[in-house]
Amino acid sequence: MTRQDYERRFRTYPDVVTLPELCAMLRIGDNYARRLLRKKLVAHFVIRHTYYIPKENVIDFVLSPNYLTVLNRFRRDNK
């Protein structure tokens, strides 16, 4: 998929998403999303214990060459 495809797919989400929205966008669980953020695989910022992730950063992560590798590694570690 291209950047435009993901921009269309995520167009209903706000420009800056929170953790629950990130989980919905990537179809992953809360703990898994927190691990991605803690490992700084998705650029974000925190205000008063709340994660804020620019939608562009989510798209950048999904388009990154190691996206599938990262997801497969996390899934393998959770088994």
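Computed from the coordinates by the stated procedures, all read-outs in this text should not be read as laboratory data. On a predicted model such as this, the values are computed, not experimentally measured, just so you know. Using ideal geometry, Cβ is built from the backbone for each residue, glycine included, and neighbour counts are taken over all protein chains shown.
Taking each residue as 0.36 nm, the span from residue 8 to residue 71 lengthens on full extension beyond its C-alpha to C-alpha distance by 20.5 nm.
If you model segment 3-74 as an ellipsoid using its alpha carbon gyration tensor, with each semi-axis the square root of five times an eigenvalue, the axes come out at 17, 16, 11 Å, biggest first.
Compared with the alpha-carbon gap, the fully stretched path from residue 60 to residue 45 is longer by 3.8 nm at 0.36 nm per residue.
For the chain, the dipole from Cβ point charges (+1 on Lys and Arg, -1 on Asp and Glu) about the Cα centre works out to 380 debye, to the nearest 20.
For the chain, adding -39500 (n - 2.57) for each run of n ≥ 4 DSSP H residues and dividing by the number of residues yields -15500 deg cm²/dmol at 222 nm.
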